[in-house]
Amino acid sequence: MKLLLVGGFAESLLNFRGALIDDLLRAGVEVHVAAPELDDDVLSRALRDRGAIPHDIPLRRTGMNPIADLGAVLGLWRLMRQLRPDVFLGYTIKPVIYGMLAAWLAGVKRRYALITGLGYAFQDQPVGVKARLVSGLARGLYRVALRVAHRVFFQNPDDQALFRALGLLGDRVESVVVNGSGVDVRHFAQARVPEGRVVFLMIARLLGAKGVREYAQASSRLQREFPSAVFRLAGWIDGGPDSIRADELAAWVDQGHIEYLGKLADVRPALQACSVYVLPSYREGTPRTVLEAMAIGRAVVTTDAPGCRETVIDGVNGYLVPVRSSDGLADAMRRFLVEPSLANEMGEQARRIAEDRYEVRRVNAEMLRGMGVVV
């Protein structure tokens, strides 16, 4: 069996789909992977060393350029005509939409989509003409592309229900919910919560919809009450329409209530050094960094939002807070500052939930069964 996996961001093939690639290879599948800018020697070599065959594709991860996007469909079609894969699997918006259409045109027999999150195009109330245009276009393209899918994998039931309600899935298209991308609980081994000052950490692309501004506002408020507390932020400026501006980030750092760690190649040291993990996102598929924090044994503060709410049992392994509420976020974070022992107690529960529900091999086994790959 030959499978083509297409993603929108080259590094994600290893960081987010590495374990899936491994399990496909163990099942005897010939795995080809494709993404834009996959001509990087180090990344390509790492994928080849793993056993996958990389392909660079002409796909722009962001932006709306009809000519460029048509070129992406054509490039994917040519690649599929050359490789003749038995199975196509795409994840993130453009690989799902354009990859699915190219796979259908190329006659790929089994076509699957993994919806890892809905992002900017699915904000509850798009503000401005451009946002409404992007939202309408994305929904229309999903509606067309997913009608030729054989099965769609979702990472939370809210996204599945929304796609059904909006008519984005054809009546004959099967869909299933899996527990995110899973987490390797051996790689993200449990570590003791550091003693002493309470350290909060958020890791995300620096987007408004990730709740970065709410985190900065809550951190500013809490630092005035608890001067010894530490509030760390890791990630990078995405460059899209919802990005945090560089001057905003610089102001938070200059004011002293945010320690900015930049983009991390390995998030484990930062997670091990924190007491509590925070992700006030507006919506997720299933947030990978939350699963990694839970595996390491960290309590989590996140939002009562699709994708996020599935990871936390409120009051057991962390707290759920209202979306877009810096006050609610600050209140939940304050509990750990008033009662630091909560971080240890809830961190133990977080590790247990990660092992029981989100272990990556279990999640991948469900994906492979859903694609007809025998394991």
Quick check, is GLU339 surrounded by fewer than 24 Cβ atoms within 10 Å (Cβ to Cβ) and either touching a Ser or Thr at 6+ places or on another chain (Cβ under 7 Å) or over 27 Å from TYR91 (Cα atoms) (or both)? yes
Would you pick out the residues in the stretch 8-50 that are among the hydrophobic types (A, V, I, L, M, F, W, C), under 22 Å from LEU118 (Cα atoms) and not in a strand (DSSP E or B)? PHE9, ALA10, LEU13, LEU14, PHE16, LEU20
Starting from residues that are open to solvent by 30 Å² or more (accessible area, probe 1.4 Å) and in contact with an Asp or Glu (Cβ under 9 Å, 6 or more places away or on another chain), keep the ones in the stretch 62-85 and report whichever is farthest from VAL373 (Cα to Cα). GLY63
Looking at the stretch 241-265, which of its residues are surrounded by fewer than 16 Cβ atoms within 10 Å (Cβ to Cβ) and in contact (Cβ under 8 Å) with a residue 60 or more places away in the chain? PRO241, LEU264
Quick one: is ARG45 out of contact with any strand residue (DSSP E or B) (no Cβ under 7 Å at 6 or more places or on another chain), open to solvent by 30 Å² or more (accessible area, probe 1.4 Å) and without any contact (Cβ under 8 Å) to a residue 12 or more places away in the chain? yes
Here is a check on your reading of the model: is SER181 under 15 Å from the mean Cα position of the chain (by Cα), open to solvent by 10 Å² or more (accessible area, probe 1.4 Å) and hydroxyl-bearing (Ser, Thr, Tyr)? yes
Does ALA102 satisfy the criteria of being in a helix (DSSP H, G or I), surrounded by 16 or more Cβ atoms within 10 Å (Cβ to Cβ), at pLDDT 95 or above and on the phi < 0 side of the Ramachandran plot? yes
With the structure loaded, tell me whether VAL96 is touching a Pro at 6+ places or on another chain (Cβ under 6 Å) and modelled with pLDDT of 90 or more or whether it fails that test. no
State whether one or more residues within the stretch 266-284 are surrounded by fewer than 22 Cβ atoms within 10 Å (Cβ to Cβ), over 22 Å from ALA218 (Cα atoms) and hydrophobic (A, V, I, L, M, F, W, C). yes
Subset of the stretch 196-207 that is over 24 Å from PRO340 (Cα atoms) and at pLDDT below 95 - its residue that is least open to solvent (accessible area, probe 1.4 Å): LEU207
So which residues in the stretch 209-248 are part of a loop (DSSP other than H, G, I, E, B), more than 18 Å from GLY262 (Cα to Cα) and out of contact with any Leu (no Cβ under 7 Å at 6 or more places or on another chain)? PRO227, SER228, PRO241
Any residue at all in the stretch 27-36 that's open to solvent by 20 Å² or more (accessible area, probe 1.4 Å), in contact (Cβ under 8 Å) with a residue 12 or more places away in the chain and closer than 20 Å to ARG81 by Cα? yes
Name the single residue that is nearest to the chain's Cα centre (by Cα) among those in the stretch 51-86 being assigned to a helix (DSSP H, G or I) and in contact (Cβ under 8 Å) with a residue 40 or more places away in the chain. LEU76
Is it fair to say LEU329 is among the aliphatic types (A, V, I, L, M), open to solvent by less than 10 Å² (accessible area, probe 1.4 Å), more than 16 Å from HIS187 (Cα to Cα) and touching a residue at least 12 places away in the same chain (Cβ under 8 Å)? yes
Of the residues that make up the stretch 195-207, is at least one assigned to a loop (DSSP other than H, G, I, E, B), farther than 29 Å from GLU359 by Cβ, of a type outside the set (Lys, Arg) and touching an Asp or Glu at 6+ places or on another chain (Cβ under 7 Å)? yes
So, in the stretch 345-370, of the ones that are of a type in the set (A, V, I, L, M) and within 21 Å of the chain's Cα centre (by Cα), which residue ends up farthest from PRO194 (Cα to Cα)? LEU368
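The values are calculated or read from the model by the stated rules, or taken from the named source; none is laboratory data. Just so it is clear, the model here is predicted, and its values are computed rather than measured. Neighbour counts run over all protein chains shown; Cβ positions are idealised from the backbone, glycine included. The protein model used for the area step is the full one, side chains on, heavy atoms only, and it has no ligands, DNA or RNA in it. Shrake-Rupley method; radii C 1.70, N 1.55, O 1.52, S 1.80 Å.
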